[in-house]
């Protein structure tokens, strides 16, 4: 079973500003509660083909994986994908003008394997909960 979670929020900042901050993987540890570190394998800034090593803690487990940027429309859309680890996934960020600010959408899709595959419905709930918290943290950080 696949995990397919999409969450959005309104951030009272211009789309270019939100995209510049949230779309920089080096900032991820500041607004993703579960991400412990990000190390660039390719030189920053983010570009098509960029690769970064992420270390996260999720559901009590340490996860290490490499993301590759597979789609980039600056200021509008960023798609990163990993195929390694127990939960190969794709993460998509989108930014669009909304009122006086930005509608940011964060989507995570993947197919857990092994034991994680059996517990996909529980994992989807955990991913949704974590994503909501992460976007709330990002919103609070950018609206300060």
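The values are calculated or read from the model by the stated rules, or taken from the named source; none is laboratory data. Not measured: the values here are computed from a predicted model. Here the Cβ is made from the backbone with ideal geometry for all residues, glycine too, and neighbour counts use every protein chain on show.
Some values worked out for this structure:
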| quantity | calculated |
| --- | --- |
| Scan of segment 22-52 for residues that are within 13 Å of the chain's Cα centre (by Cα) and either closer than 15 Å to residue 91 by Cα or crowded, with 17+ Cβ neighbours inside 10 Å (or both), ordered by number | 22, 23, 24, 25, 28, 31, 32, 34, 35, 38, 52 |
| Filtered residues of segment 79-105 (kept if in contact with a helix residue (DSSP H, G or I) (Cβ under 6 Å, 6 or more places away or on another chain), assigned to a loop (DSSP other than H, G, I, E, B) and surrounded by fewer than 17 Cβ atoms within 10 Å (Cβ to Cβ)) | 86 |
| Tally, over segment 62-75, of residues that are touching a helix residue (DSSP H, G or I) at 6+ places or on another chain (Cβ under 9 Å) and free of Cβ contacts under 8 Å to residues at least 60 places away in the same chain | 3 |
| Which listed residue, of 19, 47, 28, 33, is modelled with pLDDT under 95 and either assigned to a loop (DSSP other than H, G, I, E, B) or closer than 24 Å to residue 140 by Cα (or both) | 33 |
| Whichever residue in segment 128-144 is without any contact (Cβ under 8 Å) to a residue 60 or more places away in the chain and either in contact with a strand residue (DSSP E or B) (Cβ under 7 Å, 6 or more places away or on another chain) or in a helix (DSSP H, G or I) (or both) and, among such residues, is farthest from residue 25 (Cα to Cα) | 129 |
| Single match in 69, 18 (criterion: surrounded by 15 or more Cβ atoms within 10 Å (Cβ to Cβ), within 13 Å of the chain's Cα centre (by Cα) and farther than 18 Å from residue 130 by Cα) | 69 |
